[in-house]
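Engineer: Provided herewith is a single structure, encoded as structure tokens, for subsequent inquiry.
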Amino acid sequence: MCSRCNYREILERAGLEATPGRLRVLEVVGGHPAPLSAADIHRTVNRTGRLDRVTVYRILDRLVREKILQELSLGGRRRLYGMAPSEHHPPHPHFRCARCGAVQCLPPGGVRVDLGGVRRVFAGEIREVEVRLEGLCANCLSRA
Ligand SMILES: [Zn+2]
Ligand SMILES: [Zn+2]
Ligand SMILES: [Zn+2]
């Protein structure tokens, strides 16, 4: 899903050293079609090398702070991580299954948000919009 991104370049542009750990975390998150929890990322990273849990969390925090990764609040207790919106990663809405908790990325532009009405009554500056849809995923629906 992320063949157009050069992770080394992304890190260096943010003034971060392209350490093997950071590169590996970006490969895992960027290569996955849905957002991942820190535990998922930790498990996947460790299939090809060793990074302890604390290091993975520290890398995630740093990449979120530099706006390379995005932390998504999807209603559950888990924090999920995906690539932050950028030239290769347009902002897109997410779907969360209310029954099994599965989270899916939806196509960019699939939900149109019109901020006109908000801007008329809200004097502040809106910098980010996160759209979350909730319902039943196809799996749960077929078992209902
Ligand atoms: Zn990418
Ligand atoms: Zn489900
Ligand atoms: Zn996504």
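Engineer: Quick one: which residue in 72, 51 is closer than 13 Å to residue 131 by Cβ, more than 16 Å from ligand 1 (Cβ to nearest atom) and surrounded by 13 or more Cβ atoms within 10 Å (Cβ to Cβ)?
Structural biologist: Among 72, 51, only 72 is closer than 13 Å to residue 131 by Cβ, more than 16 Å from ligand 1 (Cβ to nearest atom) and surrounded by 13 or more Cβ atoms within 10 Å (Cβ to Cβ).
Engineer: Follow-up. Could you pull out every one of the strands (runs of 3 or more DSSP E) wholly within the range 55-123 that has 1 or more residues that are more than 18 Å from residue 31 (Cα to Cα)?
Structural biologist: 94-97
Engineer: Please go through the range 76-115 and pick out each residue that is assigned by TED's automatic domain parsing to the domain that holds residue 32, hydrophobic (A, V, I, L, M, F, W, C) and within 16 Å of ligand 2 (Cβ to nearest atom).
Structural biologist: Answer for the range 76-115, where residues must be assigned by TED's automatic domain parsing to the domain that holds residue 32, hydrophobic (A, V, I, L, M, F, W, C) and within 16 Å of ligand 2 (Cβ to nearest atom): just 80.
Engineer: If you don't mind, there's one more thing I want to ask. Filter the range 54-66 down to the residues that are in contact (Cβ under 8 Å) with a residue 40 or more places away in the chain, within 20 Å of residue 92 (Cα to Cα) and open to solvent by 20 Å² or more (accessible area, probe 1.4 Å) and list them by number.
Structural biologist: Result: 66, single match.
Engineer: Has the range 32-47 got any residue that is more than 16 Å from ligand 1 (Cβ to nearest atom), open to solvent by 60 Å² or more (accessible area, probe 1.4 Å) and in a helix (DSSP H, G or I)?
Structural biologist: yes
Engineer: Could you tell me whether residue 128 is under 20 Å from residue 35 (Cβ atoms) and in a strand (DSSP E or B)?
Structural biologist: The answer is no for residue 128.
Engineer: Here's a follow-up. Within the range 75-116, how many residues turn out to be crowded, with 16+ Cβ neighbours inside 10 Å and touching a Phe, Trp or Tyr at 6+ places or on another chain (Cβ under 9 Å)?
Structural biologist: The qualifying residues number 2.
Engineer: I'd like the full set of residues that are within 16 Å of ligand 3 (Cβ to nearest atom) and open to solvent by 20 Å² or more (accessible area, probe 1.4 Å), limited to the range 6-31.
Structural biologist: Correct list: 31 only.
Engineer: So which pairs qualify, if the first residue must be in the range 84-112 and at pLDDT below 85, the second must be away from ligand 2 (no atom under 14 Å from the Cβ) and open to solvent by 50 Å² or more (accessible area, probe 1.4 Å), the Cβ gap must be under 8 Å, and the two must be at least 6 apart or on different chains?
Structural biologist: These pairs meet every condition: 109/90; 109/92; 110/92.
The values are calculated or read from the model by the stated rules, or taken from the named source; none is laboratory data. All of these numbers come straight from a predicted model, not from anything done at the bench. FYI the Cβ positions are ideal-geometry reconstructions off the backbone, even for glycines, and counts take in every protein chain you see. The area values use the complete protein model at the heavy-atom level, side chains included, leaving out ligands, DNA and RNA. Shrake-Rupley method; radii C 1.70, N 1.55, O 1.52, S 1.80 Å.
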